[in-house]
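The values are calculated or read from the model by the stated rules, or taken from the named source; none is laboratory data. Keep in mind that this is a model prediction, so the values were computed, not measured. Here the Cβ positions follow ideal geometry from the backbone for every residue, glycine too, while neighbour counts run over all protein chains shown.
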Amino acid sequence: MEETIDLNKLFAILKKNMKYLIILPIVFLVLSMMMTFLFITPKYSSSTQVLVNQKETDSQMMAQQVQSDLQLVNTYSEIIKSPRILDKVSKNLKGKYSSEEIAGMLTVSNQAESQILNIAVENESREAAGKVANEIANVFSKDVNKIMNVDNVSILSKADYYGSKDSPKPLINAVVGVFLGLIVALIIIFLKEILDKRIKTEEDVEELLDLPVLGVIQRFDY
């Protein structure tokens, strides 16, 4: 019974403050959309793939080499992100981006048990994202032969210059905005209730003063 009363009281509080639950999510939604379209610079992502695969004809040797290549994938991932590769990429791009800036744009990944490395670059320009990704793949495929003394890397697919939009994401930002608005509204409502010590109902008299209610004086509006 007490739980039911508490729930009823909770719903009554929410109903009484419904304006906060409606207005604040709308305000935060509008603010999040303004941030999304007016203040956040769009970024685009383009990626290229390189294959780690020894050129071997014998099937038994090939199977052994595949295992070896899989073990080297993580090493190659670190080589791609190393200053030796990125410094050369920066130089080939006429110093438009420093090696540190390129490192900040770059993400190298691969699926488990895969010999394919995915080189993704995020940039404010679609064309620049594709150009930087392709240059990284080119430099890596050439220099890895000297670094590791192997010839087992080839470019599987080149990045295009029409990269996909990575950010901002309007739908996600809208949902986050509405959610934050609801959270702020609930905080305001419950703070208001906690800090308001006024006695407003006969139930408050019984609960706070532990006194029985003998009668209720009706309010008259003239």
Does residue 85 count as farther than 18 Å from residue 44 by Cβ, in the same structural domain as residue 141 (by TED's automatic domain parsing), out of contact with any Gly (no Cβ under 8 Å at 6 or more places or on another chain) and at pLDDT below 95? no
Could you pull out the residue among 104, 95 that is out of contact with any helix residue (DSSP H, G or I) (no Cβ under 6 Å at 6 or more places or on another chain), without any contact (Cβ under 8 Å) to a residue 40 or more places away in the chain and more than 18 Å from residue 46 (Cα to Cα)? 95
Could you run through region 86-104 and say how many residues are assigned to a helix (DSSP H, G or I) and over 19 Å from residue 157 (Cα atoms)? 12
Suppose we filter 89, 121 for residues that are of a type outside the set (Gly, Ala, Ser) and more than 23 Å from residue 149 (Cα to Cα); which single one remains? 121
Taking only region 76-92 into account, find how many residues are among the hydroxyl-bearing types (Ser, Thr, Tyr) and either free of Cβ contacts under 8 Å to residues at least 24 places away in the same chain or exposed (fewer than 12 other Cβ atoms within 10 Å of the Cβ) (or both). 2
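Quick one: is residue 144 part of a strand (DSSP E or B) and crowded, with 18+ Cβ neighbours inside 10 Å?
no
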